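Below is one structure, written out as structure tokens; the observations come after it.
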Amino acid sequence: MRPLIAVAAIFAALTLAGGAEAADHQIQMLNKGEKGNMVFQPDFVQAAPGDTITFVATDKGHDAESVKGMIPDGAEPFKGKMSEGFTVTLDKEGVYGVKCTPHYGMGMVALIVVGKPVNLEQAKAVKQVGKAKKVFAALLAEVPAGN
């Protein structure tokens, strides 16, 4: 009987540990942050497959939307509502570009890397507008080499 209890205890511990591995990363949508006006903070997040990203509507007048061409193949695009927070679970490995629709040209963008950046070159090839071009170039340069 004891071996059966031990096996059950190990199974329960592994099951609980597996659920505890997923993390929730919070990204604030701000009028003014550490890097200036109209920003996501943080604007660079490294996550694991299955982690969630919660966009927090700290200031009104912002949304968060995936950038066309800057999500991994097979990943679902996402778009939150204006002035509302939301959570998205990212299961596919790769680079996810995010923009605030009304402030995209002002450089209000973020980059999320889930696991290995398998679509990095594809993401770099996406044409950007205004200040988003400069901000994305800097964020993409932060992606660790060799992944």
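List of remarks:
- DSSP beta bridges in the chain [antiparallel fraction, %, rounded to 5]: 70 percent
- Per residue accessible area of the chain, 1.4 Å probe, in Å²: 56 Å²
- Label-to-label distance for Lys32 and Phe44 is 2.5 nm, based on points extended 7 Å past Cα in the beta-carbon direction.
- FRET E, pair Gln122, Ala23, Förster distance 41 Å, beta-carbon r, rounded to 0.05: 0.95
- On Cα atoms only, tilt of 2-21 relative to the major axis of the chain in degrees: 0 degrees
- Ordering of 61-67, 126-132 by burial proxy (mean other Cβ atoms within 10 Å per residue, highest first): 61-67, 126-132
- Of the solvent-accessible surface of the chain, computed with a 1.4 Å probe over protein heavy atoms with every protein chain present, carbon and sulfur atoms account for 59 percent.
The values are calculated or read from the model by the stated rules, or taken from the named source; none is laboratory data. As the structure is a prediction and not an experimental result, all values here were calculated from the model. Ideal geometry is used to build each Cβ from the backbone, glycine not excepted, and the neighbour counts take in all protein chains shown. Areas reflect the complete protein model, heavy atoms only, side chains present, ligands, DNA and RNA absent. Shrake-Rupley method; radii C 1.70, N 1.55, O 1.52, S 1.80 Å.
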